Amino acid sequence: MGIETSCDETALALIETRTEGGVFEYRILGSLVHSQAELHSAYGGVYPTLAKREHGKNLVPLLEKLFRETEIPIRGTLEDQQFAEKLHAFENDLKAQNPDLYESIAHAGFLKKIPAIGAIAVTEGPGLEPALWVGITFAEIVSWLWNVPIIPVNHMEGHIVGSLLRDDKPSKNWHKLLDMPLPGLAFLMSGGHTELVSVESIGTYKIIGQTKDDAVGEAFDKTARLLGLPYPGGPHISKLAREAAEQGIASPVSLPRPMLKSGDLEFSFSGLKTAVLYAVRKAAKPDGTLDEAWKKGLALEFETAIAETLEAKLRKAIDETGAKSVIIGGGVSANRVLRERFGAVAQEHAMPIFLPTPHISGDNALMIALAAALVGDFTSTRKLKAHGTKRLA
Ligand code: KG4
Ligand code: ZN
């Protein structure tokens, strides 16, 4: 079972894995994602305290739904007395830390049925610390109730392995992962991260480039906010940019291509955001609004600036590492223009590229369960700790 609560998606998944003739195989029982994006929209970014509360409210109902839909076999039942005693062990701490989570667990009779699962994989980081703690606490509680080990998972590793899924729909069929020639190069782009990772093998990684300031998704979100578009901004910018291209609207300003000539694999997007801010200030009408065509033109220029920068860094990273394959992961990899550009680069180099499906590009627990099954330490007894990173709010 996978649990993911690092940001504003509450996600749970159940998978089954096996090794047949030395080859890893998986099948998906279920993967559910409850997005809080609409709630955070009013804040123009993810609001950590709200994310924490929502995860606390959503985890138990989502788990009940997952068990109902997957009809996971039951391997035992806790007596009322046992359940009450186990509950009592964490009652005081949890009531103080996360009353919503406590309340929903205390009233969840279905938790007395012990599902036939072998391990619980949970995102330990990176992410929003208060949000991560909810998933970790929940993992610890169900692990205690059902006596099942916990496997801590790195969220970014989840994004890497998730892109190797051949199929992300629940099915009785066993699948193999897509075959990734090694060494691979993973390009991870989300609201919190922009990373180039050299993949020696699954489980052995080296970060070879990252952002000095804002993440690429963050740049999309902040620019969207300046244009008066809702959070998360990526899809909205992308839509306006497409309309500009279709309607032949030219860019009203030219934005910088940050770090394009830096000669390394580092990124920086805060200057781009500042350039957008100045352009918006200059173009705003007296009532503060912006012309619709102007917004479209700016969105196109912004997306192009990002795309040119990311493409150049991808090319440089391929040259430097001699990578034989490319994996793209993280929420921003849903962007159509970027996908096309990355695809063209891979084709030029005659190397395979692994792009996530829509379900996998956003945050989900399927990739977390998969990462644990592939490289997780099933015997780990260490105390879990949320590895938080800053995020926009
Ligand atoms: O991986 P993810 O779901 O969550 C984090 O771990 O951050 O990534 C979310 C980010 C947001 O910044 C969102 O604006 C961006 O992915 N995003 C996009 C698109 N769809 C989502 N950015 C650009 N174009 C898109 N189509
Ligand atoms: Zn993510």
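Only residues that are within 29 Å of the chain's Cα centre (by Cα) and not acidic (Asp, Glu) were counted across the range 235-260, and they come to 16. Here Leu32, Leu59 are screened, and the one residue that is touching a strand residue (DSSP E or B) at 6+ places or on another chain (Cβ under 8 Å) and in a helix (DSSP H, G or I) is Leu59.
Inspect the range 201-215 for any residue being under 19 Å from the mean Cα position of the chain (by Cα) and either closer than 17 Å to Leu298 by Cβ or buried (at least 24 other Cβ atoms within 10 Å of the Cβ) (or both) and give the result as yes or no. Among the residues of the range 201-215, at least one is under 19 Å from the mean Cα position of the chain (by Cα) and either closer than 17 Å to Leu298 by Cβ or buried (at least 24 other Cβ atoms within 10 Å of the Cβ) (or both), which makes the answer yes. For the range 101-112, which residues satisfy the criterion of being of a type in the set (Asp, Glu) and either farther than 17 Å from Leu59 by Cα or surrounded by 18 or more Cβ atoms within 10 Å (Cβ to Cβ) (or both)? Listed by number, the list is empty, since nothing qualifies.
If you check Val153, Val134, Val122, which single one turns out to be within 30 Å of Thr357 (Cβ to Cβ), aliphatic (A, V, I, L, M), out of contact with any Phe, Trp or Tyr (no Cβ under 6 Å at 6 or more places or on another chain) and assigned to a helix (DSSP H, G or I)?
It is Val134.
Considered as a group, the residues in the range 304-331 that are charged (D, E, K, R) and in a helix (DSSP H, G or I) include one that is nearest to ligand 2 (Cβ to nearest atom), and that residue is Lys313.
Away from ligand 1 (no atom under 16 Å from the Cβ), exposed (fewer than 15 other Cβ atoms within 10 Å of the Cβ) and touching a residue at least 60 places away in the same chain (Cβ under 8 Å): which single residue out of Arg75, Arg18, Arg27 fits that description? Reasoning before the result, please.
Values: Arg75 fails: touching a residue at least 60 places away in the same chain (Cβ under 8 Å); Arg27 fails: exposed (fewer than 15 other Cβ atoms within 10 Å of the Cβ).
Only one candidate passes the filter, namely Arg18.
Selection within the range 347-379: residues that are surrounded by fewer than 20 Cβ atoms within 10 Å (Cβ to Cβ) and in a helix (DSSP H, G or I). The member of this set that is farthest from ligand 1 (Cβ to nearest atom) is Glu348. Of the candidates Thr274, Thr223, the single residue that is part of a helix (DSSP H, G or I), more than 16 Å from ligand 2 (Cβ to nearest atom), surrounded by 15 or more Cβ atoms within 10 Å (Cβ to Cβ) and not aromatic (Phe, Trp, Tyr) is Thr223.
Applying the set (1) in a helix (DSSP H, G or I); (2) touching a residue at least 60 places away in the same chain (Cβ under 8 Å); (3) not hydroxyl-bearing (Ser, Thr, Tyr) to Val46 leaves exactly one unmet item: (1). Has the range 246-260 got at least one residue that is crowded, with 20+ Cβ neighbours inside 10 Å and either in contact with a strand residue (DSSP E or B) (Cβ under 8 Å, 6 or more places away or on another chain) or closer than 30 Å to Glu16 by Cβ (or both)? Yes: one or more hits.
Of the residues making up the range 56-72, just one is exposed (fewer than 12 other Cβ atoms within 10 Å of the Cβ) and at pLDDT 95 or above, namely Arg68.
Conditions tested, residue by residue: (1) under 30 Å from Phe67 (Cβ atoms); (2) in contact (Cβ under 8 Å) with a residue 12 or more places away in the chain.
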| residue | (1), (2) |
| --- | --- |
| Leu164 | yes, yes |
| Trp174 | yes, yes |
| Leu182 | no, yes |
| Ser190 | yes, yes |
| Thr204 | no, no |
| Ile237 | no, yes |
| Leu240 | no, yes |
| Gln247 | no, yes |
| Pro252 | no, yes |
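Pairing residues of the range 119-131 that are over 20 Å from Ser143 (Cβ atoms) and within 14 Å of ligand 1 (Cβ to nearest atom) with residues that are β-branched (Val, Ile, Thr) and assigned to a loop (DSSP other than H, G, I, E, B), at Cβ distances under 6 Å and at least 6 apart in sequence or on separate chains, gives Pro126/Thr389.
Residues of the range 1-30 that are under 18 Å from Met156 (Cα atoms) and charged (D, E, K, R): Glu4, Asp8, Glu9.
The values are calculated or read from the model by the stated rules, or taken from the named source; none is laboratory data. What you see is a predicted model; the values in this text were computed from it and never measured. Glycine gets a Cβ as well: all are built from the backbone with ideal geometry, and neighbour counts include every protein chain shown.
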